[in-house]
Amino acid sequence: MLVEDIKKDTAKKMEISLSALRTEFGKVRSGRAHAGLFDQIQVDYYGTVTPLNQIANISVLDAQTLSVSPWDKQLVPIVDKTIRDSDLGLNPAVNGDTVRVPMPALTEERRRELVKVVKTHAENCKIALRNIRRDANAQLKALMKAKTISEDEERKASESVQGLTDQSVLEVDKIFATKEADLLSV
């Protein structure tokens with residue numbers, strides 16, 4: 001593997017980590033009901049784990065309420081239990097063939113809790129970025145030991161990987177600051 005391939009692979013992996021962080025942040029609600037809140041919820045559909053949005057119609061009734069209507073009416077209690085057991089902190093109510101999910105008003109305390117959750121996701125992303133950097137540096141050292149590249153080339157490539165890492169960590173901080181401001185605004 002060439003040095004340029006290692007740098008491209010590292011940049012790609014870091015972008016994937018940032019994308020995963022944005023997805024995680026999208027799951028953390030800021031007080032308004034939106035159907036994307038349930039994108040990551042998986043339901044046991046006759047022995048197959050299936051995304052909720054593939055077995056039900058999810059709609060926004062008003063700014064504080066979501067409605068989930070499974071196409072198979074026997075799934076209503078399963079959907080209710082799955083939403084209740086998710087880490088979203090929601091308390092759904094079965095209403096005939098639909099599951100109504102009211103969004104509780106965010107108290108100051110709950111907002112602070114959500115900021116802590118978001119901060120944990122950001123820290124985990126930074127750890128993933130550092131692990132990607134470590135793996136890239138290990139590959140570069142292996143190339144140097146195999147006499148494929150010189151020490152100077154390895155050092156320059158390591159500096160380049162460090163630059164990618166620093167840039168990605170700054171992006172994580174920027175994404176976190178935006179989400180934190182969103183969560184703390186009333």
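Some values worked out for this structure:
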read-out: Selection status of G36, at pLDDT below 80 and either surrounded by fewer than 17 Cβ atoms within 10 Å (Cβ to Cβ) or in contact with a Lys or Arg (Cβ under 9 Å, 6 or more places away or on another chain) (or both); value: yes
read-out: Residues of the range 71-91 that turn out to be farther than 17 Å from P102 by Cα and not aliphatic (A, V, I, L, M), as a count; value: 4
read-out: Residue list for the range 71-96, restricted to those being in contact (Cβ under 8 Å) with a residue 24 or more places away in the chain and among the aliphatic types (A, V, I, L, M); value: L75, I78, V79, I83, L88
read-out: Extreme residue, farthest from K8 (Cα to Cα), among residues of the range 131-186 that are in contact (Cβ under 8 Å) with a residue 24 or more places away in the chain and among the basic types (K, R); value: K179
read-out: Residue within the range 115-132 that is under 30 Å from I55 (Cα atoms) and aliphatic (A, V, I, L, M) present; value: yes
read-out: Close pairs (6 angstrom Cβ cut-off, 6 or more residues apart or separate chains): assigned by TED's automatic domain parsing to the domain that holds K156 in the range 1-20, hydroxyl-bearing (S, T, Y) and assigned to a helix (DSSP H, G or I) anywhere; value: K7/S160; M14/S168
read-out: Selected residue [in contact (Cβ under 8 Å) with a residue 60 or more places away in the chain and surrounded by 15 or more Cβ atoms within 10 Å (Cβ to Cβ)] from V68, V99, V118; value: V118
read-out: Some residue of the range 64-83 being among the acidic types (D, E), modelled with pLDDT of 85 or more and under 25 Å from the mean Cα position of the chain (by Cα); value: yes
read-out: Members of the range 84-96 that are modelled with pLDDT under 85 and surrounded by 14 or more Cβ atoms within 10 Å (Cβ to Cβ); value: S86, L88, L90
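The values are calculated or read from the model by the stated rules, or taken from the named source; none is laboratory data. If you're wondering where the values come from, they're calculated on a predicted model, not measured in any experiment. Quick reminder, even Gly has a Cβ in these numbers, built from the backbone with ideal geometry, and neighbours come from all protein chains shown.
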